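Enquirer: Please find one structure pasted underneath; my questions will follow.
The values are calculated or read from the model by the stated rules, or taken from the named source; none is laboratory data. Bear in mind that the values here come from a model prediction, so they are computed numbers and not experimental data. So basically every Cβ, Gly included, is an ideal-geometry build from the backbone, and we count neighbours across all protein chains shown.
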Amino acid sequence: MLRRVAAGLALVAVGGCGAETGRLGQPAAQKVYGGIQTRLLDDDLVNFRVSMRGAEGPVDLRLYAECAAAQYALIRGFDFVRHVRTTVEEEGGNWTADAVYTVSPGLPQGLQTIDAGFTVATCERAGVPTV
């Protein structure tokens with residue numbers, strides 16, 4: 001059964017301490033990151049497609065895409081990214097996200113701005129892959 005989920009704005013705190021547990025104290029599913037596809041849509045507009053198994057929900061895919069976007073921005077010499085939109089689908093435990101971000105050298109206008117350097121460091125500490 002294909003399930004499409006809107007990945008809305010969420011604040012995500014990442015850190016590691018001890019064994020993770022999922023719902024009702026059960027061991028969390030092993031997250032398996034399936035890869036990142038990057039496509040330049042315009043000079044400052046980039047599409048990221050990410051996939052994974054073991055996600056606990058849309059927020060895991062949104063974080064994965066955000067980590068990819070932040071590293072991409074740094075590679076291209078930009079300091080900030082701004083989230084435009086993310087759609088998430090799940091089918092049989094396979095999760096995919098299609099996300100779009102803008103990249104910019106200075107702090108862009110908007111509510112969903114992301115400091116690329118800080119985000120990449122956070123992703124590395126959390127074990128979330130980047131581009």
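Enquirer: Quick one: VAL5 ticks every box in (1) more than 15 Å from HIS83 (Cα to Cα); (2) in contact with a helix residue (DSSP H, G or I) (Cβ under 8 Å, 6 or more places away or on another chain); (3) modelled with pLDDT under 95; (4) assigned to a loop (DSSP other than H, G, I, E, B) except a single one, so which number is it?
Expert: VAL5 satisfies every listed condition except (4).
Enquirer: From (1) under 22 Å from LEU107 (Cα atoms); (2) at pLDDT 50 or above; (3) surrounded by fewer than 16 Cβ atoms within 10 Å (Cβ to Cβ), pick out the condition that doesn't hold for ALA13.
Expert: Answer for ALA13: the failing condition is (2).
Enquirer: Could you check ASP98 against (1) crowded, with 19+ Cβ neighbours inside 10 Å; (2) touching a Ser or Thr at 6+ places or on another chain (Cβ under 8 Å); (3) not in a helix (DSSP H, G or I) and say which number it fails?
Expert: So ASP98 meets the others, but not (1).
Enquirer: Got a sec? Which of ASP60, ASP44 is more than 26 Å from ARG125 (Cβ to Cβ), touching a residue at least 24 places away in the same chain (Cβ under 8 Å) and out of contact with any helix residue (DSSP H, G or I) (no Cβ under 8 Å at 6 or more places or on another chain)?
Expert: Working: ASP60 fails: more than 26 Å from ARG125 (Cβ to Cβ).
Sole residue among the options that is more than 26 Å from ARG125 (Cβ to Cβ), touching a residue at least 24 places away in the same chain (Cβ under 8 Å) and out of contact with any helix residue (DSSP H, G or I) (no Cβ under 8 Å at 6 or more places or on another chain): ASP44.
Enquirer: If you go through region 107-131, how many residues are touching a residue at least 40 places away in the same chain (Cβ under 8 Å), among the small types (Gly, Ala, Ser), more than 20 Å from ASN47 (Cα to Cα) and surrounded by 12 or more Cβ atoms within 10 Å (Cβ to Cβ)?
Expert: The qualifying residues number 1.
Enquirer: Considering only residues that are of a type in the set (Gly, Ala, Ser) and out of contact with any Gly (no Cβ under 8 Å at 6 or more places or on another chain), look in region 39-69 and name the one that is nearest to ALA116 (Cα to Cα).
Expert: If we filter region 39-69 for residues that are of a type in the set (Gly, Ala, Ser), which is where we start, we get 51, 54-55, 57, 65, 68-69.
Keeping just the survivors that are out of contact with any Gly (no Cβ under 8 Å at 6 or more places or on another chain) gives 55, 57, 65, 68-69.
Values: ALA55: 23, GLY57: 23, ALA65: 12, ALA68: 10, ALA69: 8 Å.
Going through the qualifying residues, I end up with ALA69.
Enquirer: Which of (1) assigned to a strand (DSSP E or B); (2) buried (at least 22 other Cβ atoms within 10 Å of the Cβ) does CYS67 not meet, given it meets every other one?
Expert: (1)
Enquirer: For ILE114, only one of the following conditions fails: (1) more than 11 Å from the chain's Cα centre (by Cα); (2) closer than 16 Å to GLY35 by Cα. What is its number?
Expert: For ILE114, the failing item is (2).
Enquirer: Of the conditions (1) over 11 Å from the mean Cα position of the chain (by Cα); (2) on the phi < 0 side of the Ramachandran plot, SER51 fails just one. Which one is it?
Expert: Just one mismatch for SER51, condition (1).
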